[in-house]
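Read through the structure below, which is laid out as structure tokens, and then see the notes.
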Amino acid sequence: MSLTLLGVIHADPRGKERLERALVLEPPTTITLESRPSDVALYRAIIKKREELLQTLQGQGLSPEAFEALMILDVRAAFQEIFSPIEYGEKQGILVHHIEHPTFPLERSECEALMAPIDDLNFTNLTFEQNQIDSYYRLIYQAIRGLNETMRMMMLMKLAPSLRQEGLDRDDHPALRLRELVNNSDHVLHVCGAGHLLDDEEGRTLYSKIEDLHPVRKLAWEFDENFVAPDVEPDDC
């Protein structure tokens, strides 16, 4: 019995290929996701709505470069941390469990989510966007590996409102479900936001709640074909 926590950064342009590579190299017998069952239909509706909006804007003069860049960022990369594992599970006959807390955080209304604006209609620099995401992955990697204590503390401060509200911990429910599932599976792979992998003295993060299960913590970034581990020593941070 083993447990892997696979941390992702949402809307990563290379997220799909990284996740697919992770699933091949770390083949699970059970997959769990940071989502609720009802989220899947909502996410598909959001993607469809955004694709339709981009096609409309293309007809109104949106440049081919901007259209392609925004299709990658707002359609193809959207929610891949949900859909890539689901597709893999369907192909391999593996059960996929949605284990997000049923009431935390408060869900946005469907109307609000579907009408969320596309950030920048003139955006075309995918290389810049990818570099920004990979830079953040690098910082999280260092924080998880104990190479940057200052960054770990800063990330926890930023994440605090999304982890605990009014005495309710978002990761309590996923932690409970993982404890149940890990006893009945050879290898559970849980895909979640990378921040949930951080050590936390206050016990708010998922990792801190199940540390006794000795989960392996990895980032989707580590499964990039060109990944090179940052050469950083603790004294350098």
Give me the percent relative contact order of the chain, please, defined on Cα pairs under 8 angstrom at least 6 residues apart. 40
Phi-based couplings in Hz for the stretch 79-85 (Karplus 6.51, -1.76, 1.60; Gly and Pro marked x): 6, 5, 5, 9, 6, 5, x
So, in Å, what gap is there between the alpha-carbon centers of the stretch 64-97 and the stretch 126-191? 20
Hey, in the GNM for the chain with a 10 angstrom Cα cutoff, which one of LEU126, LEU25, LEU156 fluctuates hardest? LEU25
Under 21 Å between alpha carbons: how many lysine pairs meet that in the chain, if sequence neighbours fewer than 8 apart on the same chain are excluded? 7
Taking the stretch 147-235, which chymotrypsin sites (Phe, Trp or Tyr not before Pro) meet the DSSP loop condition and have no more than 16 other C-beta atoms within 10 Å? PHE227
Based only on Cα atoms, what mean projected area does the convex hull of the stretch 1-40 have, in nm²? 3.5
For Cα extents along the principal axes in Å, pick the label among [x] 56, 42, 39; [y] 87, 70, 35; [z] 47, 41, 33 that corresponds to the value derived from the coordinates. [x]
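None of the figures in this text is laboratory data; all of them are computed from the coordinates on show. Quantities reported herein were computed from a predicted structural model and do not represent experimental measurements. So basically every Cβ, Gly included, is an ideal-geometry build from the backbone, and we count neighbours across all protein chains shown.
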